């Protein structure tokens with residue numbers, strides 16, 4: 001397996017799907033040993049959740065709700081069955097959200113992402129993600145070590161000390177944000193320091209626009225992107241094919257209409273929902289608040305798991321209109337009450353000193369009666385009046401936005 005981390009990456013997709021859903025009932029049973037999951041999934045028979053359709057019937061847990069849940073039932077909101085002392089490390093991220101690190105090898109599932117980026121056993125890796133309180137540094141540290149690499153736990157900043165380490169240890173790889181990699185390369189060039197040993201990089205945590213990609217490549221570094229969160233670790237990663245990101249193994253990803261748990265049509269932009277099969281700390285339908293879309297077909301690199309376009313924005317588009325919150329969930333409710341509609345988008349603007357909202361709706365059979373019915377539903381659901389614009393199917397962008405605040 002010179003091109004792939006293991007044979008699991010290139011197995012038949014139907015085999016992967018069958019294996020994931022054969023494991024899911026046992027994972028659900030373990031999750032329901034935690035009081036919060038036991039309450040949320042009350043009445044659910046784990047043996048009956050053995051398909052995507054059945055999984056889509058379970059409630060979504062929104063990451064945006066975790067800070068309040070963790071505060072109400074510290075430290076993990078009742079979503080973890082084990083006591084904190086059973087885990088390897090204990091972290092926090094803004095919110096605060098408290099994250100335990102499972103004690104087994106490669107707990108954040110990152111070794112195969114590093115392999116796809118060209119890292120190999122025996123490499124020395126400069127890791128510039130923070131090791132302080134948050135899991136970022138340890139996500140990449142444990143992933144590199146699981147692959148068999150040695151790690152320089154550099155963290156961000158202090159470029160002078162990092163130059164000394166680079167010149168002494170000659171790391172082949174870099175982990176960190178794209179921005180700090182540029183800072184490091186620029187500072188080295190200005191100071192006449194030798195960082196030429198760094199030939200590849202696995203980047204995350206910030207945008208990596210085409211202009212910066214080209215610059216980093218021109219300076220001799222082959223850089224790949226990884227997509228992850230502090231809760232789940234590495235969710236998807238770029239491969240040598242450079243066509244989207246391949247979803248990691250041991251995860252079930254769904255893409256749903258923002259504000260709901262309903263899967264979108266193939267290729268549509270929606271919110272990422274992840275179910276992880278970690279035996280120590282499973283997540284059941286965690287909606288992480290990020291948008292993406294699935295790509296059709298298999299990756300030319302040979303990996304057969306689902307591919308996504310990468311990060312495409314935030315799903316939480318909540319805004320205030322005339323002092324009242326309007327949420328994507330409300331637009332989704334309007335869609336449910338009018339199934340004859342396609343995509344919907346609430347556009348919020350200003351006319352003079354007044355907030356104005358217009359609900360744009362794709363519809364195959366427009367008419368004044370339907371327009372009035374939708375306007376009535378809009379007022380009922382949001383408690384606010386607004387205009388309704390009916391449009392032909394396909395007129396609204398496929399970008400996952402349900403609310404566009406253009407004020």
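The set of residues in region 194-222 that are buried (at least 17 other Cβ atoms within 10 Å of the Cβ) and closer than 13 Å to residue 126 by Cβ comprises 195, 198, 200, 201, 202, 203, 221. Within region 381-402, the set of residues being assigned to a strand (DSSP E or B) and either touching a residue at least 40 places away in the same chain (Cβ under 8 Å) or within 24 Å of residue 323 (Cα to Cα) (or both) comprises 387, 388, 389. Is it true that residue 374 is in contact with a strand residue (DSSP E or B) (Cβ under 8 Å, 6 or more places away or on another chain), surrounded by 15 or more Cβ atoms within 10 Å (Cβ to Cβ), modelled with pLDDT under 95 and under 25 Å from residue 271 (Cβ atoms)? Spelling it out, it is not the case that residue 374 is in contact with a strand residue (DSSP E or B) (Cβ under 8 Å, 6 or more places away or on another chain), surrounded by 15 or more Cβ atoms within 10 Å (Cβ to Cβ), modelled with pLDDT under 95 and under 25 Å from residue 271 (Cβ atoms). Counting only residues that are surrounded by fewer than 20 Cβ atoms within 10 Å (Cβ to Cβ) and in contact with a helix residue (DSSP H, G or I) (Cβ under 6 Å, 6 or more places away or on another chain), which one in region 99-120 is modelled with the highest pLDDT? So the residue we want is 106. The residues on offer are 300, 258, and the sole one that is more than 25 Å from residue 100 (Cα to Cα), touching a residue at least 12 places away in the same chain (Cβ under 8 Å), part of a loop (DSSP other than H, G, I, E, B) and over 15 Å from the mean Cα position of the chain (by Cα) is 300. Just one of the numbered conditions (1) in a loop (DSSP other than H, G, I, E, B); (2) under 19 Å from the mean Cα position of the chain (by Cα); (3) closer than 28 Å to residue 38 by Cα is not true of residue 92: (1). Say we look at region 321-353 and pick out the residues that are free of Cβ contacts under 8 Å to residues at least 24 places away in the same chain and assigned to a strand (DSSP E or B); which of these is farthest from residue 242 (Cα to Cα)? Among those that are free of Cβ contacts under 8 Å to residues at least 24 places away in the same chain and assigned to a strand (DSSP E or B), it is 351. Of the residues screened, residue 378 is not one that is more than 21 Å from residue 263 (Cα to Cα), part of a loop (DSSP other than H, G, I, E, B) and in contact with a helix residue (DSSP H, G or I) (Cβ under 9 Å, 6 or more places away or on another chain).
The sole residue among 316, 278, 290 that is outside any loop (DSSP other than H, G, I, E, B), on the phi < 0 side of the Ramachandran plot and modelled with pLDDT under 95 is 290. For region 160-172, filtering for residues that are surrounded by fewer than 20 Cβ atoms within 10 Å (Cβ to Cβ) and in contact with a helix residue (DSSP H, G or I) (Cβ under 9 Å, 6 or more places away or on another chain) leaves 2. Flag set for residue 68, criterion: in a helix (DSSP H, G or I), surrounded by fewer than 13 Cβ atoms within 10 Å (Cβ to Cβ), under 23 Å from the mean Cα position of the chain (by Cα) and at pLDDT below 95. When region 5-25 is filtered for residues that are more than 23 Å from the chain's Cα centre (by Cα), in contact (Cβ under 8 Å) with a residue 40 or more places away in the chain and surrounded by 14 or more Cβ atoms within 10 Å (Cβ to Cβ), only 11 remains. Name the single residue, out of those in region 229-255 being over 23 Å from residue 300 (Cβ atoms) and assigned to a strand (DSSP E or B), that is modelled with the lowest pLDDT. This residue is 229. If only residues of region 78-89 that are surrounded by 15 or more Cβ atoms within 10 Å (Cβ to Cβ) and within 16 Å of residue 230 (Cα to Cα) are counted, the one that is farthest from the chain's Cα centre (by Cα) is 87.
Just name the residue that is modelled with the highest pLDDT out of those in region 303-313 that are assigned to a loop (DSSP other than H, G, I, E, B) and out of contact with any helix residue (DSSP H, G or I) (no Cβ under 7 Å at 6 or more places or on another chain). Top of the filtered list is 306. Inspect region 29-50 for any residue being free of Cβ contacts under 8 Å to residues at least 60 places away in the same chain and within 17 Å of residue 232 (Cα to Cα) and give the result as yes or no. Among the residues of region 29-50, not one is free of Cβ contacts under 8 Å to residues at least 60 places away in the same chain and within 17 Å of residue 232 (Cα to Cα), which makes the answer no. Does region 129-144 contain any residue that is in contact (Cβ under 8 Å) with a residue 40 or more places away in the chain, crowded, with 18+ Cβ neighbours inside 10 Å and touching a helix residue (DSSP H, G or I) at 6+ places or on another chain (Cβ under 7 Å)? Looking for residues that are in contact (Cβ under 8 Å) with a residue 40 or more places away in the chain, crowded, with 18+ Cβ neighbours inside 10 Å and touching a helix residue (DSSP H, G or I) at 6+ places or on another chain (Cβ under 7 Å), one finds at least one in region 129-144, hence yes.
For residue 94, the requirement of being farther than 21 Å from residue 23 by Cα, in contact (Cβ under 8 Å) with a residue 12 or more places away in the chain and out of contact with any helix residue (DSSP H, G or I) (no Cβ under 8 Å at 6 or more places or on another chain) is not met.
Looking only at region 279-290, decide whether some residue is surrounded by 17 or more Cβ atoms within 10 Å (Cβ to Cβ), touching a strand residue (DSSP E or B) at 6+ places or on another chain (Cβ under 7 Å) and within 19 Å of residue 7 (Cα to Cα). Checking region 279-290: not a single residue is surrounded by 17 or more Cβ atoms within 10 Å (Cβ to Cβ), touching a strand residue (DSSP E or B) at 6+ places or on another chain (Cβ under 7 Å) and within 19 Å of residue 7 (Cα to Cα).
The values are calculated or read from the model by the stated rules, or taken from the named source; none is laboratory data. Keep in mind that what you see is a predicted model, and the values were worked out from it rather than measured. Backbone-built Cβ (ideal geometry, glycine too); neighbour counts: all protein chains shown.
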